[in-house]
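Step one of this worksheet: look at the structure below.
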Amino acid sequence: MSIPSHIIFSSQQAREFRKRLLRWFDREQRKLPWRGETDPYRILVSEIMLQQTRVAVVEERYKAFVQQFPTVEKLARAREQTVLAAWSGLGYYRRARALHSAAKHVHDSGSFPPNSTALMELPGVGRYTAAAVASIAYGEPVAVVDGNVKRVLARMSGRRLQEAENWQLAGELLDPRRPGDFNQAIMELGATVCLPGKPQCQRCPVIGLCRGKGREAKPQKTSRRKAVLRYALIQQNGDVFLRQRPKDASLMAGMWELPERNGSGKSEQAILKLSHSITVTDYTVLVFQETNIGRRAGRWVSISKVGRMALTGLTKKILEKIGNGNS
């Protein structure tokens, strides 16, 4: 059910919201490597990377990725394993495969989709990503709604909104003259000021229009599971033994990792212990030194070349901890 706009904000209040938010953004925006970009390809790369990944992690990875694949044509022509290797450590590898497929689609069609509707035809591109790319690259007046925007809108309106209501209100607040800047500004506000746990209301440029004043219904916490993973580190003559995950695996399909440890290893001392989290599970990871591959399927890889492999993030972390990651 849609909300009559005057119940949330009058037209004068909406104008004031835009003015205050954009003035704040022009002054306080973070310096990020994709800021100021108008190339839809590079904006798409940043938006796909930022899905479910912290900005601090994406910054360096984005710069390295666009250096390796500076154009959509370069990415389209790359091998999947090369793309996955460049993505290693960012997680959610379906994003990398979707981005690679989208690049091939753009390359085959000869041009980038010209608007948000056409962008949604690309693999892995939904309403939010399409709107972000179109508003920033093309200046199309379409609003974005992500988790940060939803939180801002909930507090500004003083109520938890339904999905359709979020999109409606975001569209009504959008500045049609600067849609890309406005969308980045409202996401920036949610990411740096209107925080989930402790909103910094004293720094908020639109606090005078806010009905929630920091109040927000607390989402139900997802209970996290605990588990133990055991891996074997097998090396010889400057090589390390790796196995490839099944092509149809639900997570990290086709990526390379250390082989699993045979047995519990209770009687032996692990050479490395670390923590690792994937979705809703927190893992304790134990790595044991072994000398024989036994009947394990896999292949030997030179330690000097292992960085070019499409490694799982956990395997990359293990090898870096042990000292092989940068060999």
Q: Taking Arg42 as meeting all but one of (1) crowded, with 18+ Cβ neighbours inside 10 Å; (2) touching a His at 6+ places or on another chain (Cβ under 6 Å); (3) among the charged types (D, E, K, R), write down the number of the exception.
A: (2)
Q.
Restricting to segment 298-311, name every residue that is modelled with pLDDT under 90 and either β-branched (Val, Ile, Thr) or farther than 19 Å from Ala78 by Cα (or both).
A. Ile303, Ser304, Val306
Q) Hey, Asp248 hits all of (1) in a strand (DSSP E or B); (2) under 24 Å from Arg97 (Cβ atoms); (3) among the acidic types (Asp, Glu) but one; which does it fall short on? A) (1)
(Q) Give me the helices (runs of 4 or more DSSP H) completely within segment 52-126, filtered to those with at least 1 residues that are at pLDDT 95 or above, surrounded by fewer than 16 Cβ atoms within 10 Å (Cβ to Cβ) and assigned by TED's automatic domain parsing to the domain that holds Leu311, ordered by residue number. (A) none
Q | Residue list for segment 244-299, filter: surrounded by fewer than 15 Cβ atoms within 10 Å (Cβ to Cβ), in contact with a Leu (Cβ under 9 Å, 6 or more places away or on another chain) and over 26 Å from Arg225 (Cβ atoms) | A | Gln289, Arg299
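The values are calculated or read from the model by the stated rules, or taken from the named source; none is laboratory data. Quantities reported herein were computed from a predicted structural model and do not represent experimental measurements. Note: ideal-geometry Cβ built from the backbone for every residue, glycine included; neighbour counts use all protein chains shown.
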